[in-house]
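Structure, as structure tokens:
Derivation of every value follows stated rules applied to the coordinates shown; laboratory data play no part. Computed from a predicted structure; not experimentally measured. For neighbour counting, all protein chains shown are included, and Cβ atoms are generated from backbone atoms with ideal geometry for every residue, glycine included.
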Amino acid sequence: MKKILTLAALVLCTSMAFSQQVASRAKALRMLAFSRPEYQIKDIKVYTDTMTVYTLSPFVIYPLGVWTSVEQYITDNKLKWYRETGYQRYYDSMMVSVNRMRRYDDSYVDMYYSIWTKKVELLGGYIADREVALDNGVHVGMAKDSVFSVFFKKYPKSYTADVAVLKVVSGAGEVAEIYTFKGTRLRHIKIETSYKYY
């Protein structure tokens, strides 16, 4: 009898997990239909409280805009940044100059000028400052619905109600913007990259 109950519990758990995966995939496909064309969203995955959006848009690679020098970004941005310059190691042998732009609340952005792209590239960052806005207008403190409206034309609100983290990832996976919500507000933005070249 115990074996039958254990087997029944195992079958029930497996079928519930499978049905949750099917429901998550159906939700993701439905959200994909609502995506804005300018973001070129190619896939969406939903897992528990995290929605991951894969896009071919250059916005993800250049969330602060396209700049030809760090000085140009500082001047045009009109925010007071504390600039720290240092070196980071790439490919275990190459040292590159990296500028860490800091705000007084521990927000920062690491950037460098690439000799290959002739543009300022981001290496990472953490933004908790409401004054720092991304190129598409997203900033800390925004309502969750407003953040999702940047990427989607319309969508059922129930699809995003349980989402606490929205990850927007470039097509090749080298850059990710991670939007973390607390309640109905955007709490902070994290930028992660896996660049291994200069």
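Are there trypsin sites (Lys or Arg not before Pro) in the range 108-181 that DSSP puts in a loop and that have at most 12 other Cβ atoms within 10 Å, and which ones? Present the calculation step by step, with values, prior to reporting the outcome.
Values: sites: Lys118, Lys119, Arg130, Lys144, Lys153, Lys154, Lys157, Lys167; in loops: Lys118, Lys119, Arg130, Lys153, Lys154.
Those satisfying the criteria are Lys118, Lys153, Lys154.
Tell me, what ³J(HN,Hα) does each residue in the range 36-53 have, in order and in whole Hz, if you take phi through Karplus 6.51 cos²θ - 1.76 cosθ + 1.60 with θ = phi - 60° and put x for Gly and Pro?
In residue order, the calculated couplings are 6, x, 5, 8, 6, 6, 9, 7, 9, 10, 10, 9, 6, 9, 10, 10, 10, 10 Hz.
So the label point goes 7 Å from the Cα of Ser114 along Cα→C-beta, right? Which residues of the range 60-81 then have their backbone N under 18 Å from it?
Within reach of a label on Ser114: 60-73.
List the chymotrypsin sites (Phe, Trp or Tyr not before Pro) in the range 110-144 that DSSP assigns to loop (not H, G, I, E or B) and whose Cβ has at most 16 other Cβ atoms within 10 Å. Which are they? Please report the intermediate quantities before stating the final value.
On the way: sites: Tyr112, Tyr113, Trp116, Tyr126; in loops: Trp116.
In loop regions of the range 110-144 (DSSP not H, G, I, E or B), the sparsely surrounded chymotrypsin sites (Phe, Trp or Tyr not before Pro) are Trp116.
Please give me the summed charge of the neighbours of Ile178: other residues whose Cβ is under 13 Å from its Cβ, Lys and Arg +1, Asp and Glu -1. Provide the component values of the computation, followed by the final result.
Details: positive: Lys167, Arg187, Lys190; negative: Asp49, Glu177, Glu192.
That works out to 0.
For the modelled label position 7 Å from the Cα of Ser97 along Cα-to-Cβ, which residues of the range 120-145 have backbone nitrogen atoms closer than 20 Å?
120-124
Pull up all non-local amide H partners of Arg185: gap of 5 or more, or a different chain, and H-to-H distance under 5 Å with H placed in the peptide plane.
Lys144
In this model, which of Lys27/Lys153; Lys45/Lys118; Lys118/Lys190 are farther than 22 Å apart at the alpha-carbon? Don't jump to the answer; show the numbers that get you there.
On the way: Lys27/Lys153 15 Å; Lys45/Lys118 33 Å; Lys118/Lys190 24 Å.
Correct reply: Lys45/Lys118; Lys118/Lys190.
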